[in-house]
Amino acid sequence: MRIAVKRFNRNAWPEAQPFLEEARAVGQLRNQRLINLLGCCCEGEERLLVAEYMPNDTLTKHLFHWETQPMRWAMRMRVALCLAQALEYCTSKGRALYHDLNAYRVLYDDDYNPRLSCFGLMKNSRDGRSYSTNLAFTPPEYLRTGRVTPESVTYSFGTLLLDLLSGKHIPPSHALDLIRDKNLQMLSDSCLEGELTNDDGTELVRLASRCLQSEPRERPNPKSLVAALIPLQKDSEVPSHVLMGIPDGTAAFPLSPLGEACLRMDLTALHEVMEKIGYKDDEGAATELSFQMWTNQMQETLNSKKKGDAAFRHKDFKTAIDSYTMFIDVGTMVSPTVYVRRSLCYLMSNMPDEALNDAMQAQVISPVWYIAFYLQAVALLALGKENDAQVALKEGSSLETKKNTN
């Protein structure tokens, strides 16, 4: 499966045990409104978190940097409710602190439902210094004490409500001045004209103002936020991808003939394409021979590759697997083409796990090679992981288009 990884500065968590304990606590949480934590690493100086991968960008992208259409009011209110529900769930499980809540922490899953990143549930460092955003957006009590509290999270939620209303990242002090002057029109996104009623806008402004109270005790808790946002929901029965202007999750991007073959799992067509391409995409990786390669052992390695190529051409996939494995195991030469060829051989032999591993290894060697992504997609389809396969297909299609237009 595809994953998201957060790598901490090596000085942030000098000791492994506190990091592991914190990660384990976050890893206990499981909710459809959260991007769930899958694991962590604390070997040596490495401090890594591993989470579910979200393929459809962040709230920042869709709200501030949209390309085809601005985010509709109904979707903005759905985002607000989903986030409030995520915070309510975390609070109910004893994890009320969320560090540096902002639009970058909200990502969209396969169905374009908004989800809150689990990374913010984990402190950026053992001492808990958390706010990396501009000080203008930081809770006032944090500036005084340097500590995050549940009320600080509500303040940050208030700044997100302003983002959703305005379509801009407005400093709370400026927004509160507009609110005091009852200048709702200046605060509202002009793109929402005809969608946003005065009553709904006024209600959201009222809620944001409560979240941004200078006295922390006067701010609402997540349960109150959920209760206040439920009446503001519109088109609740409409799927998120429709509200976002994506007509169908599978038809959201065009596929080339090769991409279509992958979607059909047409392995014969893939074999023909790979035989035709040959080793053009290895960029010299398999042909740059140093002096040591001309030893007898290296000649045997080259011979095993040639034997694998001949078997691949004649569709003797078992022999091809054995020969390519001999070539790979020696490790003196690195060829992404050999990995994708062995991947296809594994698929032909009904071994999708091994095929996926080889396709991913080819991507590691050649990160922008579309064939590697297409092979991953076919392997994922064979494993029944359709959502992950769609992500790989989309990436492969995008890379193939770029290559063909360059």
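For the stretch 14-104, the list of chymotrypsin sites (Phe, Trp or Tyr not before Pro) that fall in a loop by DSSP and count at most 16 other C-beta atoms within 10 angstrom reads W66. Pairs of Cα atoms nearer than 8 Å and 6+ residues apart set the relative contact order; for the stretch 257-405 it is 21 percent.
Among the listed pairs K61/K276; K276/K385; K307/K402; K182/K234; K6/K315; K305/K403, those with a Cα-Cα distance over 31 Å are K61/K276; K307/K402; K6/K315. Among the GluC sites (Glu not before Pro) in the stretch 165-228, those located in a DSSP loop and surrounded by at most 11 other Cβ atoms within 10 Å of their own Cβ are E193.
How much of the DSSP bridge set in the stretch 1-116 is antiparallel, in percent, rounded to the nearest 5? That works out to approximately 95 percent antiparallel. Within the stretch 3-244, DSSP assigns beta bridges of which about 85% are antiparallel (rounded to the nearest 5). Applied to the stretch 104-121, the Karplus parametrisation 6.51 cos²θ - 1.76 cosθ + 1.60 on θ = phi - 60° returns per-residue 3J(HN,Hα) values of 6, 7, 9, 10, 10, 7, 4, 9, 6, 7, x, 9, 8, 5, 6, 4, x, 6 Hz, with x for Gly and Pro.
Taking every C-alpha pair closer than 8 Å and separated by at least 6 residues, the mean separation divided by the residue count of the stretch 134-176 gives a relative contact order of 38 percent. For E400, E260, E67, the ranking by accessible surface with the largest value first comes to E67, E260, E400, using a 1.4 Å probe. Computed over every Cα-Cα pair of the stretch 3-244 and binned at 10 Å starting from 0, the pair-distance distribution P(r) comes out as 7, 32, 37, 19, 5, 0 percent. In the chain, the DSSP-assigned H stretches of four residues or longer account for a calculated mean residue ellipticity at 222 nm of -16000 deg cm²/dmol, using -39500 (n - 2.57) per stretch and the full residue count as denominator.
The listed peptides 21-27, 148-154, 232-238, ordered by packing as a protection proxy, come out as 148-154, 21-27, 232-238 (highest mean of other Cβ atoms within 10 Å first).
Report the relative contact order of the chain, percent, no decimals, based on alpha-carbon pairs under 8 angstrom and at least 6 residues apart.
12 percent
If you take the beta carbon distance between E237 and R2 as r and set R0 to 30 Å, what does 1/(1 + (r/R0)^6) give as a FRET efficiency, to the nearest 0.05?
0.50
For the chain, which whole-number percentage of the solvent-accessible area (1.4 Å probe, protein heavy atoms only) is attributable to carbon and sulfur atoms?
49 percent
Bridges between two residues of the chain, per DSSP, are antiparallel at a rate of about 85%.
Show which aspartates and glutamates lie in cross-link reach of K394 when reach means a straight Cα distance below 16 angstrom and same-chain residues fewer than eight apart are skipped. List returned: D57, D109, D110, D111, D248, E260, E386. Using the Cβ-Cβ distance between N183 and K223 with R0 set to 30 Å, the FRET efficiency works out to roughly 0.45. Near L38, the amide H atoms lying under 5 Å from its own belong to V50, A51, E52; only residues 5 or more places off or on other chains count, and H is placed 1.01 Å from N.
Couplings 3J(HN,Hα) for the stretch 225-240, derived from phi with the Karplus relation 6.51 cos²θ - 1.76 cosθ + 1.60 (θ = phi - 60°), are 4, 4, 4, 6, 8, 4, x, 8, 6, 10, 6, 4, 7, 7, x, 4 Hz, where x marks Gly and Pro. This model, with +1 at the C-beta of Lys and Arg and -1 at the C-beta of Asp and Glu, gives the stretch 55-103 a dipole about its Cα centre of some 140 debye. Residue-wise HN-Hα couplings along the stretch 46-56, as the Karplus relation 6.51 cos²θ - 1.76 cosθ + 1.60 with θ = phi - 60° gives them from phi, are 6, 10, 10, 10, 10, 10, 4, 8, 10, x, 10 Hz; Gly and Pro carry x.
Suppose the chain between Q28 and E275 were pulled fully straight at 0.36 nm per residue; how much longer would it get relative to their current alpha carbon spacing? Walk me through the intermediate numbers first.
Values: separation 247, 0.36 × 247 = 88.92 nm, distance 4.77 nm.
That works out to 84.2 nm of additional length.
A 1.4 Å probe run over the chain, with the rest of the protein chains in place, finds 49 Å² accessible per residue. Among P14, P139, P216, the largest mean-square fluctuation in a Gaussian network model of the chain (Cα springs under 10 Å) belongs to P14.
The values are calculated or read from the model by the stated rules, or taken from the named source; none is laboratory data. Remember, it's a predicted structure, so these values are computed and weren't measured experimentally. Because the Cβ atoms are built from the backbone with ideal geometry, glycine has one as well, and the counts that use them run over all protein chains shown. Accessible surface areas use protein heavy atoms only, side chains included; no ligands, DNA or RNA. Shrake-Rupley method; radii C 1.70, N 1.55, O 1.52, S 1.80 Å.
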